[in-house]
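S.K.: What follows is a single structure, and I will ask about it in a moment.
The values are calculated or read from the model by the stated rules, or taken from the named source; none is laboratory data. Computed from a prediction, not measured in an experiment: that's the story for all the values here. Counting neighbours? That spans all protein chains shown, and the Cβs are built from the backbone with ideal geometry, glycine included. Areas reflect the complete protein model, heavy atoms only, side chains present, ligands, DNA and RNA absent. Shrake-Rupley method; radii C 1.70, N 1.55, O 1.52, S 1.80 Å.
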Amino acid sequence: RVRALSAAVGALCRTLPPRARPAPDTLRRARFDRPQASLDFWKLLYVLLKQIHGGRWTEADAIDTQIRFVKSALWYHGYARPELHQLPADGSAGSRELLLAFSWLLHRLGLLEQLLARNRVKTGDETSVCTCEDNLPNSQEGTTEAAPEGGPEDTVDVRYLQWLNGRLRFQWRSLHAQHQEQCKLLHKIHLFTSGCHMDQILGHFSVTETDLIRQPENYKQLLQLLESETMQLEALLEWKQLEPVYWQWMETVLDNMAEEGNMCESQDTHVEKRRLSEVTSCCPWADKLTGQMDRLSRDLMALQDQLQQLVTQRKAAWWEKVTAREELQKEGFSATARKIQESVELKLRDLASLRAPKKNEMHGSCRLVLRNKHPASKMGFGQSVSKGPVSAVSATQVIRELQMRQASLQRELKQLREECRQRLDEIAEGLEGVICISP
């Protein structure tokens, strides 16, 4: 079992990115809450969470900055264990708590899969496509409630907001122009290299492949990256086979933490009793107060027993009444219950149909492939692109989906404006001596 655990921990470490790969001894030291492993674990979580959130990081970042980011990121993902957030900011303790948080990320977020997807070597030209509708009302609800109430001194000049809006629109146009220029250059590369690729489904080179043709010395670096990714994938396969051993080991870690917590509680209780005895020996009135507290405790226990008995009796009487009513009105009660059940099932079916993702919704990264409509004789090197069925996303289809989404949002915007106008009219009617002219 020890050998299997060592193999599982080693495979887990090899699956992580090279720059964030810890030593297997770090996890073993953290299991016994060794302070030597605390700094290594803080740095590990910092690098992994930075990569998940797409942020930049350097090894020169201060340890307190790393710890603050890790705590805030874990809180963002839903890890609100107070023992971790109470750890010191210098990273001198808490390696076992960090091991627990790391394991939680493995189980809850699919940490390894996310890291492999983000750090994979991209040899083709890809773009992200997303036509899923965002749940804007729910996301805006929390921010509206959390917004502080601003007083008169917190008001912002409207001209400043207009300037920010204009600056944002200018930057958006610049980004759109750069994206269009990138698309033009990609189209030129795909068009000029059409028919050169060995894969007849693709038919053309990507930017990376074109760069390798122009600069063959970069081939060794790409080959090293591919070999490193292959090793990580092999380690992931080994980890998937040995993963149950790791979680059994984590169960023993949790058991040890629970035992130590119970020991600490018993020690605290013993210390408290000893302090109480010391106080009673020093103060003559403390003995009388202790006796009163004991009597109150006994009275509360007796009342709790009586309440439990009363609840049991009431439950038994209630179940007798329900049984009698079912026997008397069995047919009518069953019919009513059947109607209620059918109504609930219908509402749940409607809710599931509303919340279920549509088949035509697309999300994720897709490889850009040029589909040339010209005959094969006009293509380079006399080769033609295969006409076989390929699971692809057409740009026309994406544009149509986005246009439908735009029309839906415009209708929603028009409805919201109409509601705001009606609300303003209602407010204006309650103002005396004020004339409001709609724009």
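S.K.: Identify the single condition in (1) under 15 Å from S38 (Cα atoms); (2) open to solvent by 60 Å² or more (accessible area, probe 1.4 Å) that R108 does not satisfy, given that it satisfies every other one.
M.R.: Here R108 clears every test but (1).
S.K.: Okay, next question. Looking at (1) touching a residue at least 60 places away in the same chain (Cβ under 8 Å); (2) open to solvent by 70 Å² or more (accessible area, probe 1.4 Å), can you tell me which one R167 breaks?
M.R.: The failed condition is (1).
S.K.: Same structure, new question: Find the helices (runs of 4 or more DSSP H) located wholly in the stretch 1-84 whose residues include 2 or more that are modelled with pLDDT of 85 or more, open to solvent by 40 Å² or more (accessible area, probe 1.4 Å) and under 17 Å from W104 (Cβ atoms), and list them. Write out each step before concluding.
M.R.: Values: elements: 2-15, 24-31, 38-52, 63-76.
Counting at least 2 such residues, we get 63-76.
S.K.: Do we have R118 as open to solvent by 20 Å² or more (accessible area, probe 1.4 Å) and either among the β-branched types (V, I, T) or in contact (Cβ under 8 Å) with a residue 60 or more places away in the chain (or both) here?
M.R.: Taking the combined requirement at face value, the residue satisfies it.
S.K.: Can I ask one more? Need pairs with beta-carbon distance below 8 Å; first residue within 18 Å of W75 (Cβ to Cβ) and within the stretch 26-55, second acidic (D, E); sequence gap 6+ or separate chains.
M.R.: Y46/D61
S.K.: Any chance you could count how many residues in the stretch 182-220 are among the polar types (S, T, N, Q) and surrounded by fewer than 11 Cβ atoms within 10 Å (Cβ to Cβ)?
M.R.: Of the stretch 182-220, the ones among the polar types (S, T, N, Q) are 182, 193-194, 200, 206, 208, 210, 215, 218.
Remaining after also requiring surrounded by fewer than 11 Cβ atoms within 10 Å (Cβ to Cβ): 215.
Result for the stretch 182-220: 1.
S.K.: Only one residue in S334, S353 is open to solvent by less than 60 Å² (accessible area, probe 1.4 Å), modelled with pLDDT under 70 and among the polar types (S, T, N, Q). Which one?
M.R.: Values: S353 fails: open to solvent by less than 60 Å² (accessible area, probe 1.4 Å).
The conditions single out S334.
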